[in-house]
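Single-structure report; data block below.
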Amino acid sequence: MTRLDGRAMAADISATVVADVDRLRAAGVEPTLAVVVPTDDGAARSYVRVIERNAAKVGVRCDVHEPPPGTLTSLIDQLAADDTVHGILVQTPLPAGTSATDAGAHIPVGKDVDGMNPESLGRLALGLPAFAPATAAAVLEILRRADVKLAGARAVVLGRSPVVGKPAALLLLAEDATVTVCHSRTLDLADVARSADVLVAAVGRAGLVDASFVRPGAVVIDVGTNYTETGVLGDVDAAAVEPVAGALTPVPGGVGPVTTMLLLRQTVQAAAPPVS
Ligand code: NAP
């Protein structure tokens with residue numbers, strides 16, 4: 001079984017991001033990501049620290065904003081109008097009463113580097129240029145880097161959230177995979193999953209995916225990040241699945257590091273002057 005090492009892939013990607021940042025800086029552009037943290041949440045704060053650390057490594061400026069209650073959308077509007085800001089990430093959880101759809105709609109599509117604007121998802125569905133949520137983009141990036149043939153492959157995505165499951169399914173479909181999307185009401189989940197050549201687990205249930213979900217030789221991408229008493233666990237029971245799968249992403253060290261690096265790559269792409 002191949003262990004798909006997200007940290008090594010992120011390190012590879014970072015080399016190209018650094019080169020692009022150098023080019024932009026030489027042209028007088030400082031690629032800048034605005035990270036908006038509207039609520040006080042431990043997991044969100046630690047993820048933001050990871051973004052800041054990686055941004056510093058590749059030379060992307062990262063400004064963290066903590067809007068006072070009631071000012072989230074006016075802050076996003078301000079960042080949207082600021083030409084020195086190229087990417088905007090609004091970190092969940094959002095304040096009570098604010099939906100991700102409403103907040104995301106304030107992010108211009110060109111600065112929507114984590115695909116939160118509903119228009120970005122619509123554009124993805126139509127095959128038009130848009131930034132995908134970085135996690136969904138990471139799923140595809142890992143499959144591409146692992147040379148997994150997607151055209152004609154049977155892909156099963158467990159989870160249909162707008163940040164992971166749905167955009168991952170759209171991206172797989174765009175690569176000509178035959179895609180099935182599962183959710184909490186799916187019947188015979190393990191049977192459906194076992195039909196997959198490529199299985200993407202994004203449900204948020206530690207260890208849900210056991211050997212009965214995996215066709216021998218299947219490529220399994222574990223998006224799950226579940227904080228438990230025994231540490232961070234994926235949605236895949238790795239010990240059970242490893243003898244069956246052809247390839248598997250570990251948790252931690254799989255999708256997570258690639259996601260962070262793609263968020264920065266998308267920021268750099270957003271900062272690049274339009275090609276004429
Ligand atoms: P979410 O919004 O809670 O969505 C979970 C999805 O899983 C829903 O579609 C839900 O179905 C489905 N589901 C829940 N329990 C299920 C079950 N027992 N059987 C089948 N389907 C089930 O979560 P999310 O934001 O997509 O995140 C999913 C996981 O990915 C979480 O562990 C999260 O921490 C992780 N994540 C990781 C990254 C990263 O960069 N590594 C980024 C984002 C998220 P319904 O639609 O029917 O409710």
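The values are calculated or read from the model by the stated rules, or taken from the named source; none is laboratory data. Please read all numbers here as calculations on a predicted model, not as lab measurements. Using ideal geometry, Cβ is built from the backbone for each residue, glycine included, and neighbour counts are taken over all protein chains shown.
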task: Could you list all residues from segment 174-191 that are over 14 Å from residue 148 (Cβ atoms) and of a type in the set (Gly, Ala, Ser)?
output: 174, 184, 190
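Every residue in segment 225-235 that is within 12 Å of the ligand (Cβ to nearest atom) and over 11 Å from residue 158 (Cα atoms), please.
Just the residues of segment 225-235 that are within 12 Å of the ligand (Cβ to nearest atom), to begin with: 225-228, 232-235.
Matches in segment 225-235: 225, 226, 227, 228, 232, 233, 234.
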statement: Subset of segment 204-224, residues more than 18 Å from the chain's Cα centre (by Cα), near the ligand (Cβ under 10 Å from one of its atoms) and among the small types (Gly, Ala, Ser), comes to 206
query: Is segment 185-193 home to any residue that is over 23 Å from residue 3 (Cβ atoms), within 10 Å of the ligand (Cβ to nearest atom) and in a loop (DSSP other than H, G, I, E, B)?
result: yes
query: Hey, among the residues in segment 167-184 that are in a loop (DSSP other than H, G, I, E, B) and either more than 14 Å from the ligand (Cβ to nearest atom) or over 19 Å from the mean Cα position of the chain (by Cα) (or both), which one's surrounded by the fewest Cβ atoms within 10 Å (Cβ to Cβ)?
result: 184
- line: Result of the Cβ filter at 9 Å on segment 143-166, keeping first residues that are in a strand (DSSP E or B) and within 11 Å of the ligand (Cβ to nearest atom) and partners that are at pLDDT below 95 and not aromatic (Phe, Trp, Tyr), at least 6 apart or interchain, is none
